[in-house]
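To start, the structure under review is shown below, and the notes come after it.
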Amino acid sequence: MAVWHVRDFAPDDLEAVVRLDGESPTTDRPAVFRLSEVVAALQAQHPCVVATADGHLVGAAAGRVDGDRAWVLRIGLHPAWRNLGLGTALLSALEQRLRGAGARTVAAVLPEEETGATALGNSGFRPQRGLTYFEKARSVTAQDSAVLSSLGATVPAAGLWGQLTGMADEKQLIERRLVLPLANPELAAEHGVEPPQAVVLFGPPGTGKSTFATAVAGRLGWPFVELFPSRLALEDGLANGLSRRFEEIAQLDHVLVFIDEVEEVAGARNLADPASVGVVNELLKAIVRFRDRDGRLLICATNTVAALDPAFLRHGRFDYVLPVGPPDHEARTALWASYTAKTGAEAAITVLADASEGFTPADIKQAARAVAQATFERTLDSGERARPTTGDYLHTIRHTRPTVTHDMALEFADHTIRYGRT
């Protein structure tokens, strides 16, 4: 075998280095530094050395200098040149150049048993035990940005999930059925679990269905796109509007799509009204296309699950039909505790939870806001710091009409049995 020659990288070597990067790996695990990062470092003229033999590029080692620390981004070897000392020679030459650029510490992160691990050990690099590599990747690419902008998408804050107070049962159900399989797809696959792609949340108004959908997107780090049927209807008809929006969404790698009050577009079809039939048919077709690719989740929310077209809820279209009802006593206690803590009130939390039976999270938030405003005004009027009492909260609760009536609660319980799929 011919002897190799190590030299500095030249711009004409770029194509060969990229080709080598595809031939070099010895493990299926992805590299920590992406090829795009390696190319960017080469174009920015960070240190890189290559090895040639008989006029062919057979090895490369690329680095990047960040202040007094440098990173070994890649050690690539042609398969025929492994275990011959070439990796060690490349790394030695690269380290000299990194040191010459001012690096005091040279570090490398790579999957176990990947190309270059032996060379690092031979060159005096030592693995740091007891360290865990953490990574958080955004699911939005530069190519996605224009599409997301046209869709009015947002990327909700990751901390929104942790801020959900009360509704512990619903939160646990949604986390286990939706979030965990989507956040851990490889582990889910090992257990034969298929991550969900479409779900329905149903329950009385004000129970937090929209908040849960937004928080799931934040937890996953996915763009959140809400489709508004009333707006789509202005685009040459609702059916055409739905079709166009889902065609745009199909360009994205990761996305959570949310349709609130979905009964507006998926109500029971009336054969006497061809337009309504066309809208439901278009949405059903869109859901089938939407499910063709992983990394997507459609969440539809409704206050009246019984009003939906039977075909809409059929197995194979929606993985789960999850009830989100009014908070129970424990959840109301947690909600009141969070609001009273903000005001420094020494209120009897369990008394407030008892008095607000039938209240939704939105009802409790409104009552707490009213008390906070009244207390704020008392402080301004008296010049002394006022604090709300249990009586203040009870007075407001008595004058707040709960969203969920007794009949609505009974209906929700019946629908949970008839339609729920958890």
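Listing for the model above:
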| item | result |
| --- | --- |
| Qualifying residue in segment 298-313 (condition: surrounded by fewer than 17 Cβ atoms within 10 Å (Cβ to Cβ) and assigned to a loop (DSSP other than H, G, I, E, B)) | yes |
| Thr105 of a type in the set (Val, Ile, Thr) and surrounded by fewer than 16 Cβ atoms within 10 Å (Cβ to Cβ) | yes |
| All positions within segment 326-344 that are surrounded by fewer than 22 Cβ atoms within 10 Å (Cβ to Cβ) and part of a loop (DSSP other than H, G, I, E, B) | Asp328, Gly344 |
| Enumeration of residues in segment 254-297 that are in a strand (DSSP E or B) and among the β-branched types (Val, Ile, Thr) | Val255, Val257, Ile259 |
| The listed residue being closer than 22 Å to Leu164 by Cα and not assigned by TED's automatic domain parsing to the domain that holds Val321, out of Gly391, Gly358 | Gly358 |
| Index of the failed condition, Gly130 passing every other in (1) exposed (fewer than 10 other Cβ atoms within 10 Å of the Cβ); (2) modelled with pLDDT under 80 | (2) |
| Helices (runs of 4 or more DSSP H) contained in segment 143-252 and holding at least 3 residues touching a Leu at 6+ places or on another chain (Cβ under 9 Å) and under 22 Å from Phe318 (Cβ atoms) | 168-174, 180-183, 209-220, 238-249 |
| Selected residue [free of Cβ contacts under 8 Å to residues at least 40 places away in the same chain and assigned by TED's automatic domain parsing to the domain that holds Ala60] from Ala41, Ala16 | Ala41 |
| Hits in segment 27-60 (condition: in a loop (DSSP other than H, G, I, E, B) and surrounded by 14 or more Cβ atoms within 10 Å (Cβ to Cβ)) | Ala31, Val32, Phe33, His46, Pro47 |
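The values are calculated or read from the model by the stated rules, or taken from the named source; none is laboratory data. Note that the structure is predicted; figures quoted are calculated from it, not measured. Positions of Cβ are generated from backbone atoms using ideal geometry, with glycine treated the same way; all protein chains shown enter the neighbour counts.
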